[in-house]
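First the structure, in the form of structure tokens, and then the observations on it.
The values are calculated or read from the model by the stated rules, or taken from the named source; none is laboratory data. Not measured: the values here are computed from a predicted model. For the accessible areas, the whole protein counts, side chains as well, though only heavy atoms, and no ligand, DNA or RNA atoms are used. Shrake-Rupley method; radii C 1.70, N 1.55, O 1.52, S 1.80 Å.
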Amino acid sequence: MNGAAPTILVADDHPLFREALKGAVSRLLPGAHLVESDSADALFASAEAHPDADLVLLDLNMPGAHGFSALVHLRAVQPQLPVIVVSAREEARVVRRALDHGAAGFIPKSSDPATIRDAIAAVLDGGHWAPPQAEHAEGLAPGEAQIAARLQELTPQQFRVLGMLGSGLLNKQIAHALGVSEATVKAHMTAILRKLGASNRTQAVLMAGRLAVDPGPEPGP
């Protein structure tokens, strides 16, 4: 980390925990510029608006993101931006999967302020930080890394469409939410299916579901 005050993106949909994270960062780095986000879309917009940001503190589950999907997408569009996952899910395998999907660190939400500061300092200095339970944990399930690599090929708009599809929205509803035509949504769907190697919408949703914290069964061929 250089001498300039860092810019840190704090992404969590729980206001109280955002305040706790901001407090921990401010005590470690009094001059830090903190940018808050309460959804995946807001985070992606913040990351785009601050291309020189130094760090993201990312909750796993926010509106517009399920499990590791936001992490995977963010690592694809801004690979230079280190991400620390912050989560109430502290199981060893969850920690290991976050690291395998590209997180530079993992902070359990039960951590004390000193641990949070240590983790942030380590990653800002170019290192990694994770709780000890991750060291010998099982990593990505068969096929999960391949699906993540395919998801990384999606454009930001295609990622949004896939997320809305996973929420059960119809093409007409997705078009209204994004302010585009149904034909545009259909074009996005065609591209999504091609990039994921999925034969239909249901299979695409199942594939994306492999990145959930509690994934479902492996999708069929």
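Observations
- Structure-based [θ]222 nm, the chain - -39500 (n - 2.57) summed over DSSP H runs of at least 4, per residue, nearest 500: -14000 deg cm²/dmol
- Segment Gln173-Ala122, extension gain: residue separation times 0.36 nm, minus the distance between their alpha carbons: 14.0 nm
- Bridge orientation summary for the chain: considering DSSP beta bridges with both residues in this region, about 5 percent are antiparallel.
- Whole-Hz Karplus values for segment 9-22 come out as 8, 10, 10, 7, 8, 9, x, 5, 6, 4, 4, 5, 5, 4 Hz, taken residue by residue from phi with 6.51 cos²θ - 1.76 cosθ + 1.60 and θ = phi - 60°; glycine and proline positions read x.
- The calculated P(r) of segment 4-106, using every Cα pair and 5 Å bins from 0, goes 2, 14, 26, 26, 20, 9, 2, 0 in percent.
- Surface per residue (accessible, 1.4 Å probe) for segment 135-221, Å²: 53 Å²
- Listed residues Val95, Val77 arranged by accessible area, highest first, probe 1.4 Å: Val77, Val95
- Pair-distance profile P(r), taking every C-alpha pair of the chain, with 10 angstrom steps and integer %: 8, 34, 34, 18, 5, 0
- Length-normalised contact order for segment 66-193 - Cα pairs under 8 Å, 6+ apart - percent: 23 percent
- Note that segment 1-60 presents 45 Å² accessible area per residue, ligands and nucleic acids not counted, probe 1.4 Å.
- Rolling a 1.4 Å probe over the protein heavy atoms of the chain, with every protein chain left in place, gives an accessible area that is 55 percent carbon and sulfur.
- Estimated at the nearest 10 Å², the accessible area of Phe159 is 20 Å² with a 1.4 Å probe.
- The chain, relative contact order [Cα under 8 Å, separation at least 6], %: 17 percent
- Within a straight-line Cα-Cα reach of under 16 Å, Lys22 can be paired with the following lysines, leaving aside sequence neighbours fewer than 8 residues apart in one chain: Lys109.
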